[in-house]
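Every number in this text was worked out from the coordinates using simple rules, so none of it is lab data. All values reported here derive from a predicted model rather than from experimental measurement. Please note: Cβ atoms are built from the backbone with ideal geometry, for glycine as well, and neighbour counts cover all protein chains shown.
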Amino acid sequence: MSNPTTPARHLPPAILLMGPTASGKTAVAIELARRFPVELVSVDSAQVFRDMDIGTAKPDAATLADFPHRLIDLISPEETYSAARFRADALAAMAEITTRARVPLLVGGTMLYFKALIEGLVDLPPADPATRAAIDQEAAARGWPALHAELARVDPATAARLHSTDAQRIQRALEVFRLSGRPLSALIAIGTKTALQYRFLSIGLLPSDRAVLHQRIAARFEHMLAAGLEAEVEALRQKYRLRADLPSMRCVGYRQVWDVQAGLAPRGELRDRGIYASRQLAKRQITWIGNTLQPQKIDCLCPDILGRTSRLVGSVFV
């Protein structure tokens with residue numbers, strides 16, 4: 001999105017590389033960084049947390065030394081991070097990269113962050129502890145699917161894009177409705193779209209065969225378990241004062257391990273629960289890309305994925 005009074009060709013470029021979990025985004029981004037004068041900015045709501053490495057598929061230390069990613073390891077797992085803060089941090093990073101005649105390449109799977117960056121943010125009611133506590137009490141008594149059904153009555157558009165157990169987002173949508181009397185989807189539609197002084201190239205890595213992506217997701221989660229995800233969560237619980245309702249512990253993989261360690265789910269179901277949650281996340285990400293962000297699409301299963309992506313990115317430097 002650019003200022004309509006400024007010819008787009010005169011604006012500095014920025015590349016957005018998005019895709020569902022296990023689509024190979026990070027590997028492609030690193031290879032692009034080898035070939036082009038780009039610098040990487042993470043668009044990942046889980047990788048902002050320090051000490052959460054295995055379950056977030058954070059690049060290892062050697063990779064980060066060679067190819068630094070901005071907006072990784074920003075906060076403690078006890079803290080929260082918002083789309084508004086991401087937008088401010090990302091724009092600051094992009095400006096700094098651009099001043100050095102480099103091109104920012106933003107890579108990740110948190111589609112709300114991409115949307116917030118491109119379109120700006122609507123002025124929503126701030127969090128209200130009393131309202132959230134009331135919603136949590138209702139969820140404890142009736143279950144999140146029941147509250148999802150309530151949300152579907154007052155804000156069907158938002159409910160349609162949320163899973164019935166997506167506690168954090170259901171809570172926020174109901175909170176906004178109860179505080180403002182207006183659906184979250186309606187407030188977002190009003191928006192505050194802010195023109196950005198960048199010429200965006202948006203690329204979406206999407207699978208031509210979801211069954212193959214599901215195989216990748218299963219292998220990826222199994223690798224995380226083998227790499228010590230359970231031990232990582234245990235260490236986090238010992239180092240920090242964590243609760244199940246914190247955003248860090250709601251991240252896919254961490255929530256499933258938390259439930260096992262808290263005695264809320266049998267350990268024998270951990271693998272299947274983690275894979276299922278990852279598949280649901282990928283489904284939501286794919287929906288966001290197709291329906292909302294609408295980038296130029298490349299098959300993430302294509303053998304020539306790097307060649308195709310490089311040709312698109314190369315056009316930025318012509």
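Worth a mention:
- Close Lys-Lys pairs in the chain, where close means Cα under 29 Å and separation is 8 or more or interchain: 15
- Stretching ARG34 away from GLN168 to a fully extended chain increases their span by 44.5 nm, per 0.36 nm per residue minus the current alpha-carbon distance.
- Put in line by how crowded their Cβ is, counting other Cβ atoms within 10 Å and starting with the fewest, PHE177, PHE200, PHE114 read PHE200, PHE177, PHE114.
- The dipole here belongs to the range 70-130: it is taken about the Cα centre, uses +1 on the Cβ of Lys and Arg and -1 on the Cβ of Asp and Glu, and is about 400 debye.
- Two-site label geometry, ALA262 and PHE317: point separation in nm, points 7 Å out along Cα→Cβ: 4.8 nm
- For the range 145-249, radius of gyration divided by Kirkwood radius, i.e. Rg to Rh on alpha-carbons: 1.08
- Computed from the Kirkwood radius of its Cα pairs, the Stokes-Einstein diffusion coefficient for the range 129-190 at 20 °C and 1.002 mPa s stands at 189 µm²/s.
- Expected-Rg normalisation [2.2 N^0.38 Å, Cα atoms] applied to the range 198-318: 1.33
- If R0 is 41 Å, the Cβ-Cβ spacing of THR63 and ALA134 corresponds to a FRET efficiency of close to 0.35.
- Histogrammed with a bin width of 20 Å, the alpha carbon distances of the chain distribute as 30, 60, 10 percent, first bin at zero.
- Efficiency of FRET between ASN291 and ARG100 - r from beta-carbon atoms, R0 41 angstrom, step 0.05: 0.70
- The range 24-62 residues near the modelled VAL212 label - backbone nitrogen below 19 Å, point 7 Å along Cα→Cβ: 24-29
- Put in order of Cβ neighbour count within 10 Å, fewest first, the listed residues VAL212, VAL103, VAL48 become VAL212, VAL103, VAL48.
- Per-selection Kirkwood Rh - the range 80-211 (Cα, Å, 1 d.p.): 16.9 Å
- Dipole magnitude for the chain: computed about the Cα centre from +1 point charges on Lys and Arg Cβ and -1 point charges on Asp and Glu Cβ, it is near 740 debye.
- In this Cβ point-charge picture (+1 for Lys and Arg, -1 for Asp and Glu), the range 129-190 has a dipole of about 120 debye about its Cα centre.
- Note on ALA235 and ALA186: their simple-model spin labels are 4.9 nm apart, each label 7 Å out from Cα toward Cβ.
- Going from the fewest other Cβ atoms within 10 Å to the most, the residues ASP272, ASP60 appear in the order ASP60, ASP272.
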